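**Student:** Next up is a structure, given as structure tokens.
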Amino acid sequence: MTNREDAVIINSLVRQALSSAQEVMGDNGLNAVLNACGLERLIGNFPPNNLAPSIQASQYAKLNEAIEQFYGRGGKGMLRRIGKASFQYGVREQSALLGVAGVALKLLPERQRIKFIFNGMVDALKKSNPQVNAWVDESGDKLAYIESTCAICHSRQSAEPICHLYVGSIAEAVQWATGKEYVIRETHCLAKGDEYCRFEVGDVRE
């Protein structure tokens, strides 16, 4: 599956993204970027927590782009912080959907812990939106999370990977599962013309 022009993001995921952005940026910052990307109707009016279609994937991509532009040099770091907050939101509000409720991960080897949380993220996305195509790659030395329907870079073009929010979310997921801060690197990106966005788990950050 590729990034279709009619791809949509469901209400619960938009609500998660906006709540996380609000937590990191504050009301004024969030309202400014919603105005900038044409989503002013969502100011003080977050979507309900359900699976109904909310906005187009291209609009979600413009929201990410607006945040990056709003903060200039600090945009990448801000998006990663929002991504981290987004995963924390998921654990708080959607633990059953993620499959993490009551799980004793400490009993598993570290690689298996990372694989477990990646599979939980994949399953949660697919249950929430049948349009999503995501999977875990464990064929090499390093585990990787891959999505060929990434909405963060939908319809965007760049010479470099740009899914900074996803990097933050995956980094937080790995830290939640292992208790360690790993380097997460986006090696492939749809915006670069690649077939998918690929996020590789590197070494533990010193």
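The values are calculated or read from the model by the stated rules, or taken from the named source; none is laboratory data. Not measured: the values here are computed from a predicted model. For neighbour counting, all protein chains shown are included, and Cβ atoms are generated from backbone atoms with ideal geometry for every residue, glycine included. Each accessible area value is taken on the protein alone, full model and side chains, heavy atoms only, with ligands, DNA and RNA left out. Shrake-Rupley method; radii C 1.70, N 1.55, O 1.52, S 1.80 Å.
**Student:** Compute the angle between helix 11-36 and the longest alpha-carbon principal axis of the chain, please, reported from 0 to 90 degrees and rounded to the nearest 10.
**Tutor:** Here the helix axis deviates by roughly 50 degrees.
**Student:** Give me the percent of the accessible area of segment 145-206 that comes from carbon and sulfur atoms, probe 1.4 Å, all protein chains in place.
**Tutor:** 41
**Student:** Glu40: accessible area at probe 1.4 Å, nearest 10 Å²?
**Tutor:** 90
**Student:** Still on this structure, I have one more. List nothing, just return the count: lysine pairs in segment 79-206, 8 or more apart or interchain, with Cα separation under 17 Å.
**Tutor:** Lysine pairs satisfying the spacing and distance rule in segment 79-206 number 7.
**Student:** Follow-up question, since we're still on this one. For segment 51-111, rounded, prolate or oblate, judged on the Cα gyration tensor with a ≥ b ≥ c (square roots of eigenvalues), a/c < 1.5 rounded, else prolate if a/b > b/c?
**Tutor:** It is oblate, given that a/c is not under 1.5 and a/b is not larger than b/c.
**Student:** Here's something else I'd like to know. How many nm separate the modelled label positions at Phe46 and Gln157, each set 7 Å beyond the Cα in the direction of the Cβ?
**Tutor:** The two pseudo-label positions are separated by 3.6 nm.
**Student:** What value, in deg cm²/dmol to 500, does the helix sum -39500 (n - 2.57) over DSSP H runs of n ≥ 4 give at 222 nm once divided by the residues of the chain?
**Tutor:** -16000 deg cm²/dmol
**Student:** In segment 37-120, what percent of the accessible surface is made up of carbon and sulfur (1.4 Å probe, ligands and nucleic acids excluded)?
**Tutor:** That share works out to 52 percent.
**Student:** I'm spelling it out carefully: the read-out is Cα extents along the principal axes in Å, the candidates are [x] 63, 37, 28; [y] 46, 37, 34; [z] 82, 33, 27, and one was derived from this structure. Which label?
**Tutor:** [y]
**Student:** Can you tell me, using C-alpha contacts under 8 Å and at least 6 residues apart, the relative contact order of the chain as a whole percent?
**Tutor:** 22
**Student:** Go through the cysteines of the chain and tell me which have no other cysteine Cβ under 4.7 Å away.
**Tutor:** Lone cysteines by the Cβ rule: Cys37, Cys153, Cys163, Cys189.
**Student:** Return the FRET efficiency for the residue pair Asp203, Lys106: r is the Cβ-Cβ distance, R0 is 22 Å, and the value is rounded to the nearest 0.05.
**Tutor:** 0.55
**Student:** Please give the length that would be gained between Ala32 and Lys126 if that part of the chain were fully extended, namely 0.36 nm times their separation in residues minus their C-alpha to C-alpha distance (nm, one decimal).
**Tutor:** Once the chain is fully extended between Ala32 and Lys126, it gains 30.7 nm.
**Student:** In degrees between 0 and 90, to the nearest 10, how far off the longest principal axis of the chain does helix 57-71 point, with axes built from Cα atoms?
**Tutor:** So the inclination is approximately 90 degrees.
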